[in-house]
Each structure stands twice: as C-alpha cells, then as structure tokens.
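Let me begin by presenting the structure, written as structure tokens, before commenting on it.
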Amino acid sequence: MLPPAEQTKINPQIDASWLEVLKDEFQQPYFAGIKQHLLLEKQQGITVYPPGPLIFNAFNKTPFDKVKVVILGQDPYHGPGQAHGLCFSVPDGVEPPPSLKNIFKELKADIGIDIPQSGNLEKWAGQGVFLLNAMLTVRANEAASHHKIGWQQFTDAVIGKLSEKRNGLVFMLWGAFAKSKAKLIDTERHYLLQAGHPSPLSERYFFGCRHFSQANNLLAKQGLTPVDWQL
C-alpha cells in the first residue's frame, strides 16, 4: 500500500483554467483511485504511456476558455515514444500511425492540404483544437488496459463542463465509442459532427466526412477565426 499522504495528495500538472473548472473532480474518491493505480503500477515497474508530465498535455496546450473544436479519441497510443497526451497525435520524428495517416488523407481531400511529414498535432491544439482521449493513460503494449481505472468518469466530466460552460463548440465524434459521448453534449448550444473512425478497419465510413471544412464554416459563422489545419 502507499503511505496515506501519497494516497490523498492530488497535484495534477494541469493548466490553471482547467484546474479551476475541474477542482471538484480532483477531490473525488475515484480520482484518488486513478492516482493510486498509476503509482502502484509504477512501483511494480510497469511502463505506462504517456509519461507523467504529459498525461494532461491536451489540457495544457488548450486552456478551457480557448477551446473551439473538440476531437475525441479513445486510448493513448501504446507503443514506445508514440503517446504525448494529444489524441491521434505523435511527437516529431515518430511515424504517423494508420488512423492519423487517414486523417491526413481526408484533410487533403477536404481542403487540399498536402499530407505532412510529421504527425505532431500541437499546432492544432494551440489554435483551440482540444485533442482529448477518453482514457488518459495506457500500459505499454496493452491496448485498453486502463479503460476501467476511472478515467472515463473524469473525461465524461470534462466533456460535460465544456457543454455546460461554453457555447458554439464543434465536437468531432469519430467511431462508435466517440459517438456514445454525444449524450453528454447539449446540442442546443454546440455542434456535433459524426463519422466513422479513421482506422483502416472503418475508413470508408470516415472518408468524405469533410469535418475540417465544416468545422471552419461553423466557426466562421460565429465570427471566430477558422483553424489553420496546415501542419
């Protein structure tokens, strides 16, 4: 067991705007349980991705009041060096995984952007594209290994706070899992764009969705600056 002080000490490395919005969640027993689970796995020598300082990278790159578009993923990548806390994104120098390659193909077909060499989506995050995974951690080489440790309760609350406290956000929900989160979003206040997952297993239901141009049109309609999707 962990010492009591370690069990109760919650110091998420997260942007101040999100810390304020989510302060009640960080005090919930389930969140202490997430931290205890991760600390115990670390003690057992289990490798978890992304590295600790990057678990809340999406929140730190896109403050709460700057969010304009939300792209929802499921798990972080579980291969070495891939996950850095932004859904679908990989650091510079890492080969883009198949789903990300398909996202780039759709971008080119939709708005004519050349397929980039790097799969690092930080530039999107800096423009208000919140790249949220429903699970914020995963064991190395074990997909879905942290599905049941409490992350979904946390990220459902994140989506709920965005729905409740913001207006005019564009949510991109790709695949059945992401679409299941639609019930958390007030469609009187926000826009939902839904399509198949960009995975090669379901790409034919993703290609042709034109979500990137649609998102920019919805932002422009509100007098907001469209996203420059060029990387």
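The values are calculated or read from the model by the stated rules, or taken from the named source; none is laboratory data. Quick caveat, the model's predicted, so the values are computed rather than measured. All Cβ positions, even for glycine, are placed from backbone atoms using ideal geometry, and neighbour counts span all protein chains on display. For the accessible areas, the whole protein counts, side chains as well, though only heavy atoms, and no ligand, DNA or RNA atoms are used. Shrake-Rupley method; radii C 1.70, N 1.55, O 1.52, S 1.80 Å.
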Any chance Ile34 is modelled with pLDDT of 95 or more and outside any loop (DSSP other than H, G, I, E, B): yes
Complete set of residues in the range 133-155 that are among the hydrophobic types (A, V, I, L, M, F, W, C) and not in a loop (DSSP other than H, G, I, E, B): Val138, Trp151, Phe154
Candidate set from the range 117-132 (those that are modelled with pLDDT of 95 or more and part of a loop (DSSP other than H, G, I, E, B)); member that is surrounded by the fewest Cβ atoms within 10 Å (Cβ to Cβ): Gly126
Residue satisfying all of: in the range 156-178; outside any loop (DSSP other than H, G, I, E, B) and basic (Lys, Arg); surrounded by the fewest Cβ atoms within 10 Å (Cβ to Cβ) among these: Lys165
Yes/no for Leu86 being open to solvent by less than 40 Å² (accessible area, probe 1.4 Å), under 27 Å from Ser202 (Cα atoms), at pLDDT 95 or above and in a strand (DSSP E or B): no
Candidates Asn60, Asn102, filtered to the one that is at pLDDT 95 or above, assigned to a helix (DSSP H, G or I) and open to solvent by 40 Å² or more (accessible area, probe 1.4 Å): Asn60
Within the range 184-202, tally of residues that are touching an Asp or Glu at 6+ places or on another chain (Cβ under 9 Å) and either part of a helix (DSSP H, G or I) or open to solvent by 50 Å² or more (accessible area, probe 1.4 Å) (or both): 4
Conditions (1) more than 17 Å from the chain's Cα centre (by Cα); (2) assigned to a helix (DSSP H, G or I); (3) of a type outside the set (A, V, I, L, M); number of the one not met by Lys181: (1)
Subset of the range 208-226 (residues that are assigned to a loop (DSSP other than H, G, I, E, B) and closer than 17 Å to Leu72 by Cα): Cys209, Arg210
Residue match in the range 141-152 (condition: out of contact with any Leu (no Cβ under 9 Å at 6 or more places or on another chain), over 22 Å from Lys23 (Cα atoms), open to solvent by 10 Å² or more (accessible area, probe 1.4 Å) and among the acidic types (Asp, Glu)): yes
